[in-house]
Every structure is written in structure tokens, then in C-alpha cells.
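Take a look at the structure below.
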Amino acid sequence: MSMLELRTVTAGYGQFTALWDVSLAVERGEAVAVVGPNGAGKTTLLRVISGVIPPRHGDLVFEGASLAGRPAHEVVAHGIAHVPEGRRLFPKLTVAENLKMGAFLPRARKAYRESLERVSALFPALAERQKQRAGSLSGGEQQMLAIGRALMSRPQLILFDEPSMGLAPVMVLRLFDLIRRVREEGYTMLIVEQNVRQVLKLVDRAYLLEVGRVRMEGRAAELSEQDFVRKAYVGL
Amino acid sequence: MIDPIFLVEAAVNGIMLGGVLALLALGLNLIFGVLDIVWIAYVDLVMVAMYAVYFLVMVYGWPIWLGGLGGVVVGVALGILVHLLIITPILDSPPVNQLLATGGLLFFLQSIATFLWSTDHKSVRVSLPSIELGGIFVSYPRLIAFVLSILVMVGLYLFLTRTFIGTAIRAVSQDRGAMALMGASPQKIYVVTSAVGGAMAGVAAALLSIQYSVHPYFGAAFGPITFMICVLGGLGNMVGAFIASFVMSEIIAIGGVVWSTEMGYVIAFALFIVMMFARPGGILAKRQ
């Protein structure tokens, strides 16, 4: 059984439908990417999984439990952490306070010290800036903090929404290295990315989303070899 | 020319008044910061809690400190009730509807207080002397109210900065949606915030009870100045509200001695209007 499974999920905002009958699966220990052009519904997909918006139709099963329609704060408790688009840090709270808020769940709060040590080991730059306000960090540091904050909830699955957005090219490469290290810690991950070339190097499998539908799926290596993907997204 | 000693005395009294005003402004600001809703009827909740203190002390004979604590409990209960009964159903409504709903509560509370308790001024009689310090007279109840309000504000500061839930309240005021992704139920945070805001109203009610008599229109006397302080400090800005409380109370106190109490209010409101043009984001906001 897959860790996460979406079965013919349709979702949107008001009159607008952003996702049409999307089916997708993530196995335990896997890293999966969702790529596609702007407006393909990638962010909506992650928001449906983390409970920010409910699916209109279809089902969402995580570790055997249906999470469709459950609010965001309950989904986190099931072990899904969402690193949202634009990071969504608490800018006036310090780095330490942001990490603390990541451990808001009762079970995460109990393991707070241990989680903090793990995150500090992964991101030494954050450990040095404990007392600094999150809003004063550089873009790369903010993204590290957003990831660190997600790890504090002790998730099994991490959703990344455009982690490289707004970062300088050098920082993008460092960020992908960091995500690779997070992966090596054994987390399962689902990543939405514009930087298709980099993300396909990182993940096992990928889905190509276009105007709200799954257009293609396959092993990352195979997908990056396809002419269509190369021309349209990898830029080769 | 006025004897400078009167000015000093007015300044000292202004600081005393500022303490309690700050308590009200911080309570109102805290709720606004988290929920984005201005509780127009906030000071009317104070009025109801003052009646509670009055009845507990004067009718049921509780000692004043216990009656004051009773007022705080009533404040907390009112805060939670207002959130659950009035705010929750209209949380996603346009701001104007929310304003009308809490404004409606104001008239409801004024009317029901008039109906139940008449328009008579009721006061908790505390016979405490004034203290003389180097020719300045300070009333003892005012001094107590000031010291306690400062202590409660220190407590609020520690709650918001040192506790998990307090930090979460600040986090929600910065990004509601992100805090839900951390596993915090927004409704739970709202209820806690409303309870804390209600507690501030209850403490203010207890501290105002020993200085002023209560009547159904008490909210009309202290409400406008509280809103002005919040706006002057920058809505949602706790430090700004704290500073603005003392600026306003000083203007009223010193203006009251130099001209008259009414003139003090006129100057305070005039300054408020000028500041709205000069610094619409509040006294601590950076200039555009």
C-alpha cells in the first residue's frame, strides 16, 4: 500500500477548478516531484493534500486513513508537513520561536529538544541565528528555516512547494543539496518545483501536471530523457 | 500662571490613568491583532464586569480583592462568550458586518444594563486616603490601580513571549494560515485570545471600580479614548498602544489642570486627527 494516495481528486477555488481527476501515489521512502508550467495546479495539489482546501471529489488516503476534507491542523497531526509557497515564516518571531511553533503538536512538543538538535545539525546556519528575527534572514536562510520548522513537527511526509523560488542561482544549488540531505535522513517527500532540471536529479519519480491534469508520469531519469519534457521544461 | 506643583501632580495622575488605559488598549489590540476584528463593545464588557464587582462587593459582601477577582472571571467568561456567540458565526463576513455586529452588542449591553440596573451611578465604596509626596497628592486607589495594571501588563508580556500558546498567539497575528499548518486549530487560538482579552477587560474593570462609579454608559466614557489609543499606537501594535496610552492620558490630565477636563479631551481628539494625517500607521510606523 502506498503511503499517500490521491484517487481522482478534483479541487478548486469558488467557480474555478484547478485540478481535474488527479490520481497520484507516493511510496514510503520515495521522493516524488510534480512539475509543470505556471497555473498547472501544482500548488493547489499540495494545498489539497495538507488540508488547506478540501477536495470537491475524490479521495485522499494517507497511511490507510482518508484525510479528504480534514482541516489543515488535523492533517499535520497525521504526519504530513507542508513547506508552503513563499515560506510563510512568522517574520517578527525569532528563528528559535519559528522552530518552536513547528513543534506545536503535543507529540512534537514532547520531542522538542531532540528535534531541535536534529534540525540544528542539518542547518548549522540556523543554530547560529537563534535570536534573530526570521524576517531579517536572507532568502536562503529563510527557506532553511521553513524546512527546519516543518521537520520540527516530526513528519513522515514532507510537501515542498517551490523551495527554490526567489533564490539566487548559487543558493538554488545549495538548497537542493540541503533537501538531498533531508532525504538521506529517511523522510518521504513530494516536491513541486519550477526548476525541473534540478528536481529531476533529486527525485525517484515525477508527475507532469498540465492545466489541472496529470499529463505524464514516470521514473525521473526516463522523464528527463523524453523529448517533450526536455524541450518544454528542462530547457535543453 | 499655574503653580508648577499642580502640573507635576497632573502629570503624575496622568501616568496613573495611563496604566489602566494601556490595559484596555492592549486587550483590544491583542484581539484585533489575532482576529482582525475590532470589538467595538470592548469597554462595555468592562462596564458589565464592573457591575459584577459592584454586586459581589456591595450586595454579597465579598472583600474588595475577591470581588475584583470575580470581575476578572466575569471578564474572561464574557470574552469567550462574545467570541463563540457573536464573532464565530461572522468570522468570514466582510469587516463592515463584523463592525456592525460588535457595535450592536454595544447598544444591547447599554440597554440591558439600563433595564436591569437603571441609570443610577453605583460605586464600590473604598475609603482610602490620598498620599502626599513632596506636596503632590496621589489618591491611593489610583496608585494601586496603576501598580496592578503595570504588573498585569508585565504578566501579559511574559505570557506572550515565554509560553508556547502565547508565542502561537503572536504567530497567528502574523500569519493565520501558516499556524494551521503547524497543527494549531485556529478556533482554539481565537478562544484563548478572546479569553485573555476578556481577562484584560476584567482586570481593568476591577481597577476602575475602585476609582469610578459604574453606570450603563460607562463604555461611552472610556470607549472612544481606548480606540483612539489603539489607532494612534497603530492597530495591533502592542508597544505603540502602550506608549499612546500615556501620551493620551497625559494630555487629558495636564489639559484638565491648565484648562478643563473637557478641554483636555478636545486637545486629545484634535491631536488624534492631526496624527491621522501625519502618521496614519500609528506613532511607531515608519514614514512612507
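Legend: mean number of C-beta atoms from other chains within 10 angstrom of residue C-beta atoms, peptide A:49-57, equals 1.
Structural descriptor for segment B:49-193: relative contact order 17 percent, calculated from alpha carbon pairs under 8 angstrom and at least 6 residues apart.
Out of all Cα-Cα pairs in segment A:191-230, roughly what percent, to the nearest whole number, are more than 13 Å apart? Write down the numbers at each step before the final one.
On the way: 374 of 780 pairs.
Cα-Cα pairs of segment A:191-230 separated by over 13 Å account for 48 percent.
Pairs of alpha-carbon atoms within less than 8 angstrom and 6+ residues apart define the contacts here; what relative contact order does chain A have, in percent?
Working: 455 pairs, mean separation 61.8, N = 236.
Contact order relative to length: 26 percent.
Normalising the average separation of contacting C-alpha pairs (under 8 angstrom, six or more residues apart) by the number of residues puts the relative contact order of chain B at 36 percent.
Taking only Cα atoms, what is the 0 to 90° angle, nearest 10, from helix B:64-81's long axis to the longest principal axis of chain B? So the inclination is approximately 30 degrees.
To the nearest 20 Debye, how big is the dipole of segment A:136-218 about its Cα centre, given +1 on the beta carbon of each Lys and Arg and -1 on that of each Asp and Glu?
On the way: 11 positive and 10 negative charges, 21 e Å.
The dipole magnitude comes to about 100 debye.
Ranked by the mean number of other Cβ atoms within 10 Å per residue, highest first, peptides B:113-121, A:192-200 order as A:192-200, B:113-121. May I ask you to work out the translational diffusion coefficient for segment B:8-53 at 10 °C, viscosity 1.306 mPa s, via Stokes-Einstein with Rh from the Kirkwood sum over Cα pairs, reported in whole µm²/s? For the chosen part, D equals 132 µm²/s. Taking amide H as placed 1.01 Å from N in the peptide plane, A:H82 has its amide H under 5 Å from the amide H of A:L159, each at least 5 places away in sequence or on another chain. Projected onto their three principal axes, the Cα atoms of segment B:109-173 cover extents of 46, 42, 15 Å, largest first. Size check on chain B: the Cα extents along the three principal axes, sorted descending, read 61, 53, 36 Å. Specify the angular offset, from 0 to 90 degrees and rounded to the nearest 10, of the alpha carbon long axis of helix B:95-117 from the longest principal axis of the alpha carbons in chain B. The helix B:95-117 is inclined about 50 degrees to chain B. When both segment B:102-164 and segment B:1-64 are represented by their alpha-carbon centers, they are found 4 Å apart.
With the charge dipole of segment B:4-278 set up from +1 on Lys and Arg Cβ and -1 on Asp and Glu Cβ about the Cα centre, the Cα lying farthest toward the positive end among the listed residues B:S209, B:G104, B:L158 is that of B:L158.
Averaged over the residues of peptide B:163-173, the number of Cβ atoms from other protein chains lying within 10 Å of each residue's Cβ is 4. The charge dipole of chain B, taken about the Cα centre with unit charges on the Cβ atoms of Lys, Arg (+1) and Asp, Glu (-1), comes to about 560 debye, rounded to the nearest 20.
Going through segment A:54-131, which trypsin sites (Lys or Arg not before Pro) have at most 10 other Cβ atoms within 10 Å and a DSSP loop state? Don't jump to the answer; show the numbers that get you there.
Values: sites: A:R56, A:R87, A:R88, A:K92, A:K100, A:R107, A:R109, A:K110, A:R113, A:R118, A:R129, A:K131; in loops: A:R56, A:R87, A:R88, A:K92, A:R129, A:K131.
Answer in residue order: A:K131.
Long hydrophobic helices in chain A: the complete DSSP H runs spanning 20 Å or more by Cα along their own axis with mean Kyte-Doolittle hydropathy of at least 0.0 are A:169-184. Which angle between 0 and 90 degrees, to the nearest 10, do you get for helix B:186-209 versus the longest principal axis of chain B when only C-alpha atoms count? Here the helix axis deviates by roughly 10 degrees. Diffusion coefficient of chain A by Stokes-Einstein, Kirkwood radius over Cα pairs, 10 °C, 1.306 mPa s: 88 µm²/s. Rounded to the nearest 20 debye, the dipole magnitude of the protein assembly as shown is 820 debye, with +1 charges on Lys and Arg beta carbons, -1 on Asp and Glu beta carbons, and the Cα centre as origin. Summarising the label geometry, the points placed 7 Å from Cα in the beta-carbon direction at B:R125 and B:S185 lie 4.9 nm from one another. Per-residue Karplus couplings for segment B:82-91, computed as 6.51 cos²θ - 1.76 cosθ + 1.60 with θ equal to phi - 60°, are listed in order as 4, 5, 5, 8, 10, 7, 3, x, 10, 4 Hz, Gly and Pro entered as x. Rounded to two decimals, the Cα radius of gyration of the protein assembly as shown over 2.2 N^0.38 Å is 1.18.
Of the residues A:L151, A:L105, A:P55, the one whose Cα sits farthest toward the positive end of the charge dipole of chain A, with +1 on the Cβ of Lys and Arg and -1 on the Cβ of Asp and Glu, is A:L105. If you average the C-alpha positions of segment A:164-220 and of segment B:245-276 separately, how far apart do those two centres end up, in angstrom? So the two Cα centres are separated by 60 Å. Each peptide in A:172-183, B:233-244, B:133-144 was scored by the mean count of other Cβ atoms within 10 Å over its residues; highest first, the order is B:233-244, A:172-183, B:133-144.
Assign one of three labels to segment A:133-218, namely rounded, prolate or oblate, based on the Cα gyration tensor with a ≥ b ≥ c the square roots of its eigenvalues; rounded applies when a/c is under 1.5, prolate when it is not and a/b is larger than b/c, and oblate otherwise. Let's see the in-between values first.
Numbers: a/c = 1.81, a/b = 1.41, b/c = 1.29.
Note, shape of segment A:133-218 comes out prolate.
A full extension of the chain between A:S23 and A:V211 corresponds to an added length of 66.2 nm, given 0.36 nm per residue minus the alpha carbon distance. Would segment B:205-258 count as rounded, prolate or oblate if I go by the C-alpha gyration tensor, calling it rounded below 1.5 in a/c and otherwise prolate when a/b exceeds b/c, oblate otherwise? Since a/c reaches 1.5 but b/c is at least a/b, the shape of segment B:205-258 is classed as oblate. When peptides A:73-85, B:44-56 are ranked by their average number of other Cβ atoms within 10 Å per residue, the highest-first order is B:44-56, A:73-85.
No lab work stands behind these numbers, since they all come straight from the coordinates. Remember, predicted model here, so these are calculated numbers, not experimental data. In this analysis, Cβ positions are derived from the backbone assuming ideal geometry, glycine residues included, and neighbour counts consider all displayed protein chains.
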